[in-house]
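Structure record follows, encoded as structure tokens.
The values are calculated or read from the model by the stated rules, or taken from the named source; none is laboratory data. Note that the structure is predicted; figures quoted are calculated from it, not measured. Cβ placement follows ideal geometry from the backbone for every residue including glycine, while neighbour counts extend to all protein chains displayed. SASA here: full protein model, heavy atoms, side chains in, ligands and nucleic acids out. Shrake-Rupley method; radii C 1.70, N 1.55, O 1.52, S 1.80 Å.
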Amino acid sequence: MHTRRIGDVEVSSIGLGAMPMSIEGRPDEERSIATIHAALDAGVTLIDTADAYHRDADDVGHNETLIAKALASHDLGGDVLVATKGGHLRPGDGSWTLDGSPRHLKEACEASLSRLGVEAIGLYQFHRPDPRVPYEESVGAVRDLLDEGKILNAGISNANPDQIRLANEILGGRLVSVQNQFSPAFRSSEPELRLCDELNIAFLPWSPLGGISRAGELGSAHAPFARIAEKYGVSPQRVCLAWMLAKSPVVVPIPGASRPETIRDSLAATDLALGADELAELDAA
């Protein structure tokens, strides 16, 4: 498995997005654990989660608990950087709400520590800006968690360039990751990707294949990806991830998966080298 860096931590160049294993339509636990184990067997050392990745109001942190169980039952579980997030909530009716208050973030971190069964979280990210709370206060809480040793690395998610710069300033230059939506259908985070490249901050595209319900339609919705996939005899999804990896060495995609075969296909993108003309065609698609 090829590797990249998040701060001082070396991770697989493609991680596992674990959200599909805990929200609506989630598989049974046996298949989910098999998916996580398949990822580990293939060399994954980065798993993305959040306390809000759950379905019902009474199973907050379902995804974190699932990951902890899967890692504990695999020989390579101790070598994984688990990236979790706080600041987003799911009341249980399918909606998403926000709480970026320092008090909530610190309480959420403590709960995540307990569910993950660790003394310090490898990477903790502020999930989404809360318009009711000054951004510097939310990121300040993450800074406090970093200073206290509750977390080992700090990141932010769903941030714009000004927020990236502000967060890095508040964290004293210790911002290691930005997790934003980015896919062939959603490219408005290009400025954030370029800034992360400039600052040498890891950029983690979420829903890189277009999201749970649309990932299978990537080829039909974006013809150049399908054409190049046919040329190489691979899936359009694999072409998509190879295209992202070629954009910058700071890019670490985290495609979601809930089946062993899908994460294996995604990871094979690390061995697909696209030509300059092909990359330009995909950029313009």
GNM top mover of 43, 275, 17 - the chain, alpha-carbon springs below 10 Å: 275
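Just need the relative contact order of the chain here, percent rounded to a whole number, with Cα pairs under 8 Å and 6+ apart.
Working: 576 pairs, mean separation 55.4, N = 285.
Relative contact order of the chain: 19 percent.
Once you keep just the Cα pairs under 8 angstrom separated by 6 or more residues, what percentage relative contact order results for region 111-161? If you can, show how the numbers build up before the last one.
Numbers: 53 pairs, mean separation 24.4, N = 51.
Averaging sequence separation for qualifying contacts and normalising by length gives 48 percent for region 111-161.
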Spin-label model distance (nm) - residue 221 vs residue 107, 7 Å beyond Cα toward Cβ: 3.7
C-alpha long axis of helix 190-199 to longest principal axis of the chain, angle in °: 70
Student exercise, the chain dipole from Lys, Arg, Asp, Glu Cβ charges, in Debye to nearest 20: 320
Residues listed by number, region 1-19, amide nitrogen under 17 Å from residue 264 label point at 7 Å toward C-beta: 1, 16
Largest-first ordering by accessible area, 1.4 Å probe, given options 116, 16: 116, 16
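Suppose accessible area is computed on protein heavy atoms with a 1.4 Å probe; arrange 45, 97 from highest to lowest.
Working: 45 35, 97 55 Å².
The ordering from most to least exposed comes out as 97, 45.
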Max mean-square fluctuation residue, GNM over the chain, Cα-Cα springs under 10 Å, options 237, 163, 125: 163
Fraction of accessible area attributable to carbon and sulfur, region 2-70 (%, probe 1.4 Å): 47
Inter-part distance where region 221-276 and region 97-149 are each reduced to a Cα centre, Å: 32
On Cα atoms only, tilt of 29-41 relative to the major axis of the chain in degrees: 70
Full-stretch length increase - residue 136, residue 199 - with 0.36 nm per residue and alpha-carbon distance subtracted: 20.7 nm
Spacing of the two label points (7 Å from each Cα toward its C-beta) at residue 56 and residue 76, in nm: 3.3
Rounded tilt (10° steps) of 135-147 against the dominant C-alpha axis of the chain: 80
Relative contact order computed over region 148-285 (Cα-Cα under 8 Å; 6+ residues apart), in percent: 20
Cα→Cβ-extended label distance, 7 Å offset, between residue 148 and residue 93, nm: 3.2
